[in-house]
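Read the structure below first, then the notes.
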Amino acid sequence: QVQLVESGGGLVQPGGSLRLSCAASGNILSINVMAWYRQAPGKQRELVATMRTGGSPNYADSVKGRFTISRDNAKNMVYLQMNSLEPEDTAVYYCNADLWTRSPYRYNTYWGQGTQVAVSS
């Protein structure tokens, strides 16, 4: 089994900052891509940022210049630093990882349970 556990969500005022963390654990051989998605009420889940092992980050246009994704490969962790938050950033944020498991040897995508981010005055 593989588990992805997010933390760091909460309520913040517009213009504020939050840092989300996600820890991947379990039957992991190697992680290829880690990413953050979000889903606002009544909307589809959308990609926020993604980072392949050894690669450069990619961002949705709506968060470029405000959000930064980073990884600690040794700890199987991914972070999302969110600055200049706007009410439109309010959503449940999900961690996602594409990885190989040890036994059985398989490549699959996994999701965390989500963490709520609310931006409001």
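The values are calculated or read from the model by the stated rules, or taken from the named source; none is laboratory data. As the structure is a computational prediction, the values presented were derived from the model and not from experiment. Every residue, glycine as well, gets a Cβ built from its backbone with ideal geometry; the counts of neighbours run over all protein chains shown. Accessible surface is based on the protein model in full, side chains and every heavy atom, while ligands, DNA and RNA are left aside. Shrake-Rupley method; radii C 1.70, N 1.55, O 1.52, S 1.80 Å.
Checking the structure you have, find out if any residue of segment 87-105 is touching a Ser or Thr at 6+ places or on another chain (Cβ under 7 Å) and without any contact (Cβ under 8 Å) to a residue 12 or more places away in the chain. Checking segment 87-105: not a single residue is touching a Ser or Thr at 6+ places or on another chain (Cβ under 7 Å) and without any contact (Cβ under 8 Å) to a residue 12 or more places away in the chain.
So that you can scan it fast, the table gives a plain yes or no per residue for (1) among the β-branched types (V, I, T); (2) out of contact with any Leu (no Cβ under 7 Å at 6 or more places or on another chain); (3) within 12 Å of V78 (Cα to Cα):
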site: E6; (1), (2), (3): no, no, yes
site: A23; (1), (2), (3): no, yes, yes
site: I28; (1), (2), (3): yes, no, no
site: A35; (1), (2), (3): no, no, yes
site: P41; (1), (2), (3): no, yes, no
site: L47; (1), (2), (3): no, yes, no
site: T53; (1), (2), (3): yes, yes, yes
site: P57; (1), (2), (3): no, yes, yes
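Considering A23, A74, the condition of being assigned to a helix (DSSP H, G or I) and not charged (D, E, K, R) is satisfied by A74 alone.
Select from segment 23-49 the residues that are of a type outside the set (D, E) and open to solvent by 70 Å² or more (accessible area, probe 1.4 Å) and write down the one among them that is nearest to the chain's Cα centre (by Cα). Don't jump to the end; show me each part of the working.
Kept after step one, since they are of a type outside the set (D, E), are these residues of segment 23-49: 23-45, 47-49.
Those left that are additionally open to solvent by 70 Å² or more (accessible area, probe 1.4 Å): 29, 41-45, 47.
Numbers: L29: 20, P41: 18, G42: 20, K43: 18, Q44: 16, R45: 12, L47: 9 Å.
Per the criteria, the residue is L47.
Can we say Y93 is open to solvent by less than 20 Å² (accessible area, probe 1.4 Å) and either farther than 16 Å from E6 by Cα or modelled with pLDDT of 95 or more (or both)?
Details: open to solvent by less than 20 Å² (accessible area, probe 1.4 Å): yes; either farther than 16 Å from E6 by Cα or modelled with pLDDT of 95 or more (or both): yes.
Spelling it out, Y93 is indeed open to solvent by less than 20 Å² (accessible area, probe 1.4 Å) and either farther than 16 Å from E6 by Cα or modelled with pLDDT of 95 or more (or both).
The one condition from (1) in contact (Cβ under 8 Å) with a residue 24 or more places away in the chain; (2) open to solvent by 60 Å² or more (accessible area, probe 1.4 Å); (3) more than 20 Å from G9 (Cα to Cα); (4) within 13 Å of the chain's Cα centre (by Cα) that R52 does not meet is (1). Only one of the numbered conditions (1) open to solvent by less than 30 Å² (accessible area, probe 1.4 Å); (2) out of contact with any helix residue (DSSP H, G or I) (no Cβ under 8 Å at 6 or more places or on another chain); (3) on the phi < 0 side of the Ramachandran plot; (4) not aromatic (F, W, Y) is not met by G114, and that is (3).
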